[in-house]
Amino acid sequence: MNNKKIYNIIPGKQIEDSSIIDSIFSLLDSVSFSEWIELNEDIYNEVFFKMYEEFYVMYLDPAGIIKRLYISGREEIVAFMKERINYRHSEGIDIAICTKQINNAVICNHDGQVFLLL
C-alpha cells in the first residue's frame with residue numbers, strides 16, 4: 001500500500017520557516033485574480049524559470065491545515081511539474097512556486113492549471 005502523502009513528493013529540501021511561509025502568503029494574498037495569467041504548459045517558455053536557479057515551493061493545502069515549504073532547484077521543480085501537472089487531463093497539485101526574493105510566483109492547482117503572476 002502506498003501511503004505517501006502528496007506534499008511529501010515535492011522535490012527539494014523541506015525547510016521549517018514560518019516567516020517565509022507568511023511572506024509567500026502575503027504575496028499571494030496581495031494580488032487580485034486579474035494579475036495572474038493562465039499559461040499552463042506554456043509556463044516552461046517564460047523567463048520565470050530561466051532567471052533563477054532555486055525556488056521556494058509551498059504545498060497549498062486545500063483545507064489550509066498543512067503548511068509545507070521546500071527549496072527546490074529549477075531542474076527539479078520543472079521536471080516535477082512536467083511529470084505531475086497535465087492541463088489536458090485536468091491533473092495537478094496545489095503548489096505555489098516563488099522566487100527566493102518572494103517577488104514573483106507561479107501557482108499550480110489540482111486541475112492542472114498553471115498561473116504566472118504578472
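The values are calculated or read from the model by the stated rules, or taken from the named source; none is laboratory data. All values derive from a computational prediction rather than experimental measurement. When we count neighbours, we look across all protein chains shown, and the Cβ atoms used for this are built from the backbone with ideal geometry, even at glycine. Please note that ligands, DNA and RNA were not included when accessible areas were found on the heavy atoms of the full protein model with its side chains. Shrake-Rupley method; radii C 1.70, N 1.55, O 1.52, S 1.80 Å.
Quick notes on this structure:
- Its Cα centre serving as origin, the chain has a Cβ charge dipole (Lys and Arg +1, Asp and Glu -1) of approximately 340 debye.
- Residue range of the chain that is longest and free of trypsin sites (Lys or Arg not before Pro) which are both DSSP loop and sparsely packed (at most 13 other C-beta within 10 Å): 6-99
- Cα gyration tensor category, rounded, prolate or oblate, for the chain with a/c compared to 1.5: rounded
- Solvent-accessible area per residue, Å², over region 15-118 with all protein chains present [probe radius 1.4 Å]: 55 Å²
- Within region 55-111: Cβ-based charge dipole about Cα centre, in debye rounded to nearest 20 (Lys, Arg +1; Asp, Glu -1): 160 debye
- Percent RCO, i.e. relative contact order, over the chain, from Cα pairs under 8 Å lying at least 6 residues apart: 31 percent
- Accessible carbon and sulfur surface of the chain relative to its total accessible area, %, 1.4 Å: 47 percent
- Placing unit charges on the Cβ atoms of the charged side chains and taking the dipole of the chain about its Cα centre, the candidate lying farthest along the positive direction among Phe33, Val47, Asn86 is Asn86.
- Aspartates and glutamates whose Cα lies under 19 Å from that of Lys100, excluding same-chain neighbours fewer than 8 positions away: Glu16, Asp17, Asp22, Asp29, Glu46, Glu53, Glu54, Glu75, Glu76
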